[in-house]
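Visitor: Just dropping this structure here.
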Amino acid sequence: MTTSSTTPSRWRALTRHHLFWPVAVLILLLLVNVPFTPDFFSVRMADGHLYGSLVSIVLFGSPLILVAVGMTLVIATGGIDLSVGAVVAITGALACSYISDQNDQGALSGVLLAMGLGLLAAVVCGLWNGFLVARMGIQPIIATLIIMVAGRGVAQLITDGQIITINSEPYKLIGGGYWLTLPFSIFVVAAVVAVTVALTRRTALGLLVEAVGGNAEASRLVGIRSRRIKIMVYMFCALCAGIAGLMISSNTSAADGNNAGLWIELDAILAVVIGGTSLLGGRFSIGGTVVGALVIQTLTTTIYTIGVPTQTNLVFKAAVVIVVCLLQSPKFRAKVFGAKFAARFAAKGGAKPAAAAADPAAATEAAPKMEVS
Amino acid sequence: MLNRRNFLTAAVGVAAAGGLAACAKKDDSSGDSGSSGGSKTITLGFSQVGSESGWRSANTTSVKDAAKEAGYKLQFSDAQQKQENQISAIRSYISQKVDVIAFSPVVVTGWDAVLKEAKAAKIPVVLTDRSVETSDDSLYVTLVGSDFTDEGRRAGKILEKVLEKAGHKGPVKIAQLEGTTGAAPAIERAKGFKEVMDADHKADWKIVVSQTGDFTRAGGKQVMAAFLQSNPDINVLFAHNDDMAIGAIQSIEAAGKKPGKDILIVSIDGVKDGFVAMSEGKINAIVECNPLLGPQLMDTVKKVKAGETVERWIKTKEGDFMQDQAKAALPSRKY
């Protein structure tokens, strides 16, 4: 983004770019897979569509990206939305139970109606969250906790506590189908991200969201309708979660009220944080969130691929996340290799990128060793 | 994990049981006749764990239906995953002077006090599905439930048959989809399967990858997708439950392979959708883990009440199913 005439400052600008560390970690995680899966980066045609690890990561990561993008805006207003996992479950349950009641499950009109129904329910959940937060002045974490707990019960009620299996080709497309040899979900994600970026960065909306997150009262005093903005972001977040819910249920052609989207809210918050959005609000990065979500999905895939024993899955994940968060912290970087790096930059006029990348590499690779012992 | 939903499980449980009861028909394997034989109706107090899964709601329905069929009076309570609820339910059964108390314990320990009260009141206690650890073995009469280790062994044995039927030659490279980490069924099924492998197939079978799919379809699908990338030469899949196998099948198909042919699949549980997949040729064999233990429980209750001695562990009647039996068995699957 920012470039300057001399090499050292260009390198410094690069490392200081808010996307540098998330992207570096993502690349590193992808590279870790190579010794375990030699053709990790290869993509081939199978069954009429592209097939490979990278395609799987994007396919399985799509719902998380969507949820995290919605979460980003909520967090930018200084809020948080814990209900997204439950909204995922409700949307999937509603859509699938509607489709399973149809005589012709493959009928496009029925499928569209089912999806509309699911998304409507999602938006209503978002409206409720926004109402509680903006109008009633309830702490976001408490307000959204209500649907987080109750929503999953509602989803189970809709599915009668069973897993509803459907057999509908058009519905399968959104989360498990392919279009132009690519997973269709990629296009959905691209569209949602593009619309979000356009709305927040090409119009004043993003600025308003940040203003509300920075200081809701001050922004109200300068004439921003901060309550309305808040309600809007919660509705948008729920809509994103709803689309993710359709994707997750479509991916397995089944609605599982118990497990669909379980703990996705935590992964989404993590993705937002890894992407460099401040939990205090007032500043956000959609691009960072997308990278953050990809980091989390890649991490999950890596755990499956490199054969981490199941008991240590979460420890491994935690170790990597800690390292990523520490790398994100300018204070930590300054303390640990700040002095050394700064001296080197000053003397040599910029180290090679490869050498710089070696340090985080050592840090992340040390993580699994730590928890194995 | 389930705690946060505790206060909802009651409502959901009622709905789930209601939904199931509506479609549940006559129990097929009921051994005893409708009459209880004695002059007085037997009253059974039953405390269920909760209603966390389809398996559990099928279990509840089976107990209720079987009690009705046997003509027993059933006092049913749902513990919503809480031991204190279960203990107070058992205490109320004691004060009501029911004939027999049965329950699926939420946790393994902490039952001595309440079971001693039952013993003092001379009410026999039957455990279902899960066991307890007590200081005094006389505190309960018997356990009616599945043997998860044996299910793992049966999965190993049936894989021999599957391989033979498929005419498989060469090394057997197995991918294992484990259940929720730390859950008894996951640990014991893996253990049983490994026993068979170590005993008879040390040379030719090998588990090349093993990872948890959390007993869910989405988990099975995602983990299998990663397995197929890192180990493209997998030729057998052993899934700890049908749902994970169903998810994995979708990943296998996405990789352009044929489930049931290129990769032979053995799974445990025997839920309806598993049988549907097997009748389509996508699962090769299913080892049943039967939640429908109501009839066996009623049978045991009758014997216990009559003062007959029963075995310490009455294992649930369970079958192993190969593909050719799938179509015939499908209509009888009700969960």
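Nothing in this text is a laboratory measurement; each read-out follows from the coordinates by a stated rule. Because the structure is a prediction, the values reported are computed rather than measured. Every residue, glycine as well, gets a Cβ built from its backbone with ideal geometry; the counts of neighbours run over all protein chains shown.
Visitor: What are the semi-axes of the equivalent ellipsoid of the stretch A:279-332, taken as the square roots of 5 times the eigenvalues of the Cα gyration tensor, listed largest first and rounded to whole Å?
Guide: Here the semi-axes work out to 25, 14, 8 Å.
Visitor: Okay, moving on. Given springs between every Cα pair under 10 Å in a Gaussian network model of chain B, which of B:62, B:138, B:77 has the largest fluctuation?
Guide: B:138
Visitor: Could you run the Debye sum over the Cα atoms of the stretch A:249-338, one equal point scatterer each and no solvent, and tell me log10 of I(q)/I(0) at q = 0.18, 0.24 Å⁻¹, two decimals?
Guide: Once normalised to I(0) and log-transformed, intensities are -0.96, -1.25.
Visitor: Let me ask something additional. Which whole number gives the average, over all residues in A:150-163, of C-beta atoms from other chains lying within 10 Å of the residue C-beta?
Guide: Partner Cβ neighbours, averaged per residue: 6.
Visitor: So who's got an amide H within less than 5 Å of the one on residue B:212, skipping anything under 5 residues away but keeping other chains? H placed 1.01 Å off N, in plane.
Guide: Result for residue B:212 returns B:178.
Visitor: Just to check I understand the Karplus step: with θ = phi - 60° and J = 6.51 cos²θ - 1.76 cosθ + 1.60, what whole-Hz values come out for the stretch A:94-108, glycine and proline as x?
Guide: So the Karplus estimates, Gly and Pro as x, are 4, 4, 5, 5, 5, 5, 5, 7, 6, 5, 10, 5, x, 5, 5 Hz.
Visitor: With +1 assigned to the C-beta of every Lys and Arg and -1 to the C-beta of every Asp and Glu, and no other charges, what is the dipole magnitude of the stretch A:197-242 about the Cα centre in debye, to the nearest 20?
Guide: In debye, rounded to 20, the stretch A:197-242 gives about 140.
Visitor: Counting other C-beta atoms within 10 Å, and keeping those with at most 11, which DSSP coil trypsin sites (Lys or Arg not before Pro) do you find in the stretch B:132-210?
Guide: B:169, B:202
Visitor: Return the distance in nm (one decimal) between the two label points of a simple spin-label model at residue B:168 and residue B:139, each offset 7 Å from Cα along Cα→Cβ.
Guide: It is 4.4 nm.
Visitor: In Å and from the alpha-carbon atoms only, list the Rg and Dmax of chain B.
Guide: Answer for chain B, Rg first and Dmax second: 21.0, 66 Å.
Visitor: Dipole size in debye (nearest 20) for chain A around its Cα centre, Lys and Arg Cβ +1, Asp and Glu Cβ -1?
Guide: About 1900 debye.
Visitor: Using Cα centres only, tell me the gap between the stretch B:298-326 and the stretch A:135-197 in whole Å.
Guide: 42
Visitor: Would you mind checking which residues have amide H under 5 Å from residue B:128's amide H? H placed 1.01 Å from N; only 5 or more apart, or other chain.
Guide: B:103, B:104, B:144
Visitor: Assuming 0.36 nm per residue, please report the length gained on full extension of the stretch residue A:169 to residue A:202 beyond their Cα-Cα distance.
Guide: Contour length minus Cα-Cα distance gives 8.2 nm.
Visitor: Same structure again: For a 27 Å ceiling on Cα separation, which of these pairs sit above it: B:194/B:334; B:191/B:315; B:40/B:317?
Guide: B:194/B:334; B:40/B:317
Visitor: Would you mind pulling out the separation of the Cα centroids of the stretch A:98-129 and the stretch B:268-295, in Å?
Guide: What the calculation gives is 30 Å, centre to centre.
Visitor: Now, a different point. If you wrap the stretch B:148-288's Cα atoms in a convex hull and average its projection over all directions, what's the area in nm²? Intermediate results must be reported in sequence, preceding the final value.
Guide: Working: hull surface 28.4 nm².
That works out to 7.1 nm², a quarter of the Cα hull's surface.
Visitor: Can you give the local net charge around residue A:167? Use residues other than it whose beta-carbon is closer than 12 angstrom to its beta-carbon, Lys and Arg +1, Asp and Glu -1.
Guide: That works out to -3.
Visitor: Given the convex hull over the Cα atoms of the stretch B:62-117, what projected area results after averaging over all orientations, in nm²?
Guide: Projected over every direction and averaged, the Cα hull of the stretch B:62-117 covers 4.1 nm².
Visitor: How large are Rg and Dmax for the stretch B:211-335 when only the alpha carbon atoms are used, in Å?
Guide: 17.6, 60
Visitor: Also: What number do you get for chain A when its Cα radius of gyration is normalised by 2.2 N^0.38 Å, N = residues?
Guide: Compared with the compact-globule rule of thumb, chain A sits at 1.04.
Visitor: Over all alpha-carbon pairs in the protein assembly as shown, figure out the percentage whose distance exceeds 49 Å.
Guide: 21
Visitor: Suppose each label sits 7 Å from its Cα in the direction of the beta carbon; what would the residue B:92-residue A:190 distance come out to in nanometres?
Guide: Placing both labels 7 Å beyond Cα along the Cβ direction yields 5.9 nm.
Visitor: Semi-axes of the stretch A:177-266's equivalent ellipsoid from the Cα gyration tensor, sqrt of 5 times each eigenvalue, largest first, rounded to whole Å?
Guide: Square roots of five times the eigenvalues give 33, 18, 8 Å.
Visitor: Which whole-number percent is the relative contact order of chain B (Cα, under 8 Å, 6+ apart)?
Guide: 17
Visitor: Within straight cross-link reach of residue A:331, meaning Cα distance under 26 Å, which lysines are found once same-chain residues fewer than 8 apart are removed?
Guide: A:317, A:340, A:348, A:352, A:369
Visitor: Can I ask one more? Jot down the radius of gyration and Dmax of the stretch A:89-247, Cα atoms only, both in angstrom.
Guide: 18.0, 56
Visitor: So what is the 222 nm mean residue ellipticity for the protein assembly as shown from helices alone, if each DSSP H run of at least 4 adds -39500 (n - 2.57) and you divide by all residues, rounding to the nearest 500 deg cm²/dmol?
Guide: Per the formula, -18500 deg cm²/dmol.
Visitor: Hand me the chymotrypsin sites (Phe, Trp or Tyr not before Pro) from the stretch A:257-346 located in a DSSP loop with no more than 16 other Cβ atoms within 10 Å, in residue order please.
Guide: Numbers: sites: A:263, A:284, A:304, A:316, A:332, A:337, A:341, A:345; in loops: A:263, A:284.
Answer in residue order: A:263.
Visitor: Roughly how crowded by other chains is peptide A:39-51, in terms of the mean Cβ count from those chains within 10 Å of each of its Cβ atoms?
Guide: Going residue by residue through A:39-51 and averaging, the value is 2.
Visitor: Taking H as built 1.01 Å from N, whose amide H comes closer than 5 Å to the amide H of residue B:207, not counting residues under 5 places away?
Guide: B:174
Visitor: Considering only DSSP beta bridges with both partners in the protein assembly as shown, what is the antiparallel share in %, to the nearest 5?
Guide: Antiparallel bridges: around 20 percent, rounded to the nearest 5.
Visitor: Right, here's the next one. Bin width 10 Å, origin at 0, all Cα-Cα pairs of the stretch A:54-174: what percent of pairs per bin?
Guide: Taking all Cα pairs of the stretch A:54-174, the binned fractions are 13, 38, 33, 14, 2 percent.
Visitor: Using 1/(1 + (r/R0)^6) with R0 = 35 angstrom and r between the beta carbons of residue B:206 and residue A:141, what's the FRET efficiency to the nearest 0.05?
Guide: Step by step, r from the Cβ atoms, then E = 0.15.
Visitor: How far is helix B:6-23 tilted off the main Cα axis of chain B, in degrees rounded to 10, range 0 to 90?
Guide: Around 80 degrees separate the two axes.
Visitor: Suppose each label sits 7 Å from its Cα in the direction of the beta carbon; what would the residue A:101-residue B:117 distance come out to in nanometres?
Guide: So the label points at residue A:101 and residue B:117 sit 4.5 nm apart.
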